[in-house]
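In what follows, a single structure is set out as structure tokens and then discussed.
Any read-out appearing in this document is the output of simple, stated calculations on the displayed coordinates, not a laboratory observation. Quick caveat, the model's predicted, so the values are computed rather than measured. All Cβ positions, glycine included, derive from the backbone under ideal geometry; neighbour counts span all protein chains shown.
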Amino acid sequence: MNKTDFSTLNLQPELLKNVLSLGYETMTPVQAQSLPPILQKKDVIAQAKTGSGKTAAFGLGLLSLLKVSQFRIQALIICPTRELADQVAKEIRKLARTIHNVKVLTLCGGAPFGPQIGSLEHGAHIIVGTPGRIEEHLTKNTLNLAHLNLLVLDEADRMLEMGFQSSIDAIIERTPVNRQTLLFSATYPEEIQKISQDIMRQPVMITVEAEHDHHSITQHFFKVDDNQQRMKALRLLLLDSRPESTVVFCNTKRETQEIANRLAGEGFSVLALHGDLEQKERDQTLVQFVNKSISILVATDVAARGLDIDSLDLVINYQVARDTQVHIHRTGRTGRAGKQGVACSLYDDSEGYKVALIGDYLDRIIESEVLPAERSLKSLPITSSMVTLQIDGGKKQKLRPGDILGALTGANGVKGNQVGKIQVFSQRAYVAVSKEVVSHALNKLETGKMKGRAFRVRILKS
Ligand code: AMP
């Protein structure tokens, strides 16, 4: 038996069976190192990033320690963004699918407060949420953490960067002192060391080398003279390789919006993602990017946190990230799931020192490469092949993906292969359809019935 086999852990048989049925054959390094101490109820600090398998590390730990028959809140996972919280809750539900009656509840800002109170009254075993909203529930006494056994701080560095320190402190104050605490963080700055000293008991430290980045991602660097050349370089890189899905990272919100506007002006299929957008706009942007209705997402680091796409073809750093860890995090969004990824970084003289630091980390001397030939500028901008339809009904109306697919592909409908990703949220659902059949698809959904009734449907403009 290999020491990275899940069977070396003392997991319940149904949990182990499920892990294998999910296709997780061996433990990732962060799982192999953190699960043994987690299962021994020790506090753990793990320096691990998105893509390392960290969610399953704490997810399996907490599920195996959970007492399902005691219907009260036993575990709390705090995440920096709603997107990450949704993703974490999804992964935990997936891991828990063979254990009966495990109740996972998300409590995030941006969602209505009232229904969350209702759900809390019904009870839950595991809460996943964002700091502000959890604190609000505690203040209003709608959430009781008196029986908490396990607290997880996910992406702790990002939560501190986003100014959540006081909310986190307030939450911790309302949890039992003898709880187990797990802290996951991509970087390990001083503030994290301090927080861990205050809230953890003799934590086991785990660092996982970001090996993945060296091997499965090809990194290119291009030197530019000024911002005008930077924009041109961006267009050249996009037009030359014509990727289906690209994230362009900028360092500021203003620049994020500006670059997205300029690319849109050139005819590219693009949207911006940054913290100044309303939650609804953010959700719709992510839906359209994930379902391939837009091909380029221009984003800030904070906004792109939690973005989980397996098939991201290209990451472009419009500017080099402010530190090496952030660079590694950005570029680690491509080259996932065993695929080869490509990351291109643009830099000018003033950013040369940051590139040198990245070079030290990657253990190579970085030299500027030659940009693609200018004739690429004459090719047509990248547009996407899909369009998103928004249906004004969701889980609350008991809509399921199968209902939507059925309505679209029923008698004289569109073909199954013209329907893309279907996502059902609580009050809304989104379905991607091929551009050429969009009016036919719209007509089918508007005139047909789902769950015995008609729903309002509209084309989401990108
Ligand atoms: P995370 O770092 O938690 O965002 O996980 C990254 C991805 O890896 C998720 O899509 C997981 O479903 C997947 N994953 C987690 N653990 C394993 C494993 N042991 N083997 C294969 N895939 C895994």
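Ranked by the mean number of other Cβ atoms within 10 Å per residue, highest first, peptides 402-412, 280-290 order as 280-290, 402-412.
Over every Cα atom in the chain, the radius of gyration and the widest Cα-Cα span, Dmax, amount to 23.0, 67 Å. For region 20-120, the spread of Cα positions along the three principal axes, ordered from largest to smallest, is 41, 30, 28 Å. Over region 386-459, Cα pairs under 8 Å with separation of 6+ residues give a relative contact order of 44 percent. Annotation: the residues Tyr347, Tyr353, Tyr361, Tyr188, sorted from fewest to most other C-beta atoms within 10 Å of their own C-beta, follow the order Tyr353, Tyr361, Tyr188, Tyr347. Summarising the amide proton neighbourhood of Ile316: residues at separation of 5 or more, or on other chains, whose placed amide H is nearer than 5 Å comprise Val247, Val248, Phe249, Cys344. Measuring r between the beta carbons of Gln427 and Thr218 and using R0 = 56 Å, the FRET efficiency lands at 0.85. Sequentially through region 78-87, phi angles give Karplus couplings (6.51, -1.76, 1.60; θ = phi - 60°) of 9, 10, x, 10, 5, 4, 5, 4, 4, 5 Hz, Gly and Pro residues having no value and appearing as x. Phi-derived couplings, Karplus 6.51 cos²θ - 1.76 cosθ + 1.60 at θ = phi - 60°, listed residue by residue for region 321-334: 4, 5, 9, 4, 4, 5, 4, 5, 5, 4, 6, x, 7, 9 Hz, with x used for Gly and Pro.
Placing unit charges on C-beta atoms (Lys and Arg positive, Asp and Glu negative, everything else neutral), compute the dipole magnitude of the chain about its Cα centre in debye, rounded to 20. The partial results should precede the final answer.
Details: 57 positive and 50 negative charges, 478 e Å.
Taking the Cα centre of the chain as origin, the dipole is about 2300 debye.
Think of region 303-462 as having a plus end and a minus end, set by charges on the Cβ of Lys, Arg, Asp and Glu; of Gly341, Gly420, Ser439, Ser439 sits farthest toward the positive end of this dipole. The H on the amide N of Phe425, modeled in the peptide plane, is under 5 Å from the matching H of Lys395, Tyr430, each at least 5 residues off or on a different chain. Counting beta carbons within 10 Å around each of Leu105, Leu150, Leu238 and listing the fewest first gives the order Leu105, Leu150, Leu238.
Only helices enter the 222 nm calculation for the chain: every DSSP H run of n ≥ 4 contributes -39,500 (n - 2.57), and dividing by all residues gives -11500 deg cm²/dmol, rounded to 500.
Taking every C-alpha pair closer than 8 Å and separated by at least 6 residues, the mean separation divided by the residue count of the chain gives a relative contact order of 14 percent.
When N is the residue count of region 68-140, what does its C-alpha Rg come to as a fraction of 2.2 N^0.38 Å? Before the final figure, lay out the partial values.
Numbers: Rg = 11.8 Å, N = 73, 2.2 N^0.38 = 11.2 Å.
Dividing the Cα radius of gyration by 2.2 N^0.38 Å gives 1.05.
Where does each of His100, His327, His440 land when they are ranked from fewest to most other beta-carbon atoms within 10 angstrom? Write down the numbers at each step before the final one.
Details: His100 8, His327 25, His440 16.
Ordered by Cβ neighbours within 10 Å, fewest first: His100, His440, His327.
Relative intensity of region 372-462 on a log10 scale, I(q)/I(0) at q = 0.17, 0.18, 0.19, 0.21 Å⁻¹, equals -0.65, -0.71, -0.78, -0.93, per a Debye sum over C-alpha point scatterers of equal strength in the absence of solvent.
Rounded to the nearest whole Hz, the Karplus-based 3J(HN,Hα) values (6.51 cos²θ - 1.76 cosθ + 1.60, θ = phi - 60°) of region 40-57 follow the sequence 8, 6, 8, 6, 9, 10, 10, 8, 8, 10, 4, x, 8, x, 5, 4, 5, 4, with x at glycine and proline. Within the shell defined by Cβ-Cβ distances under 13 Å, the residues around Val302 carry a net charge of +1, with Lys and Arg each +1 and Asp and Glu each -1. Taking a ≥ b ≥ c as the square roots of the eigenvalues of the Cα gyration tensor, region 6-207 is oblate, since a/c reaches 1.5 or more and a/b is not larger than b/c. Our note on the geometry: Cα centres of region 117-146 and region 1-59, 27 Å apart.
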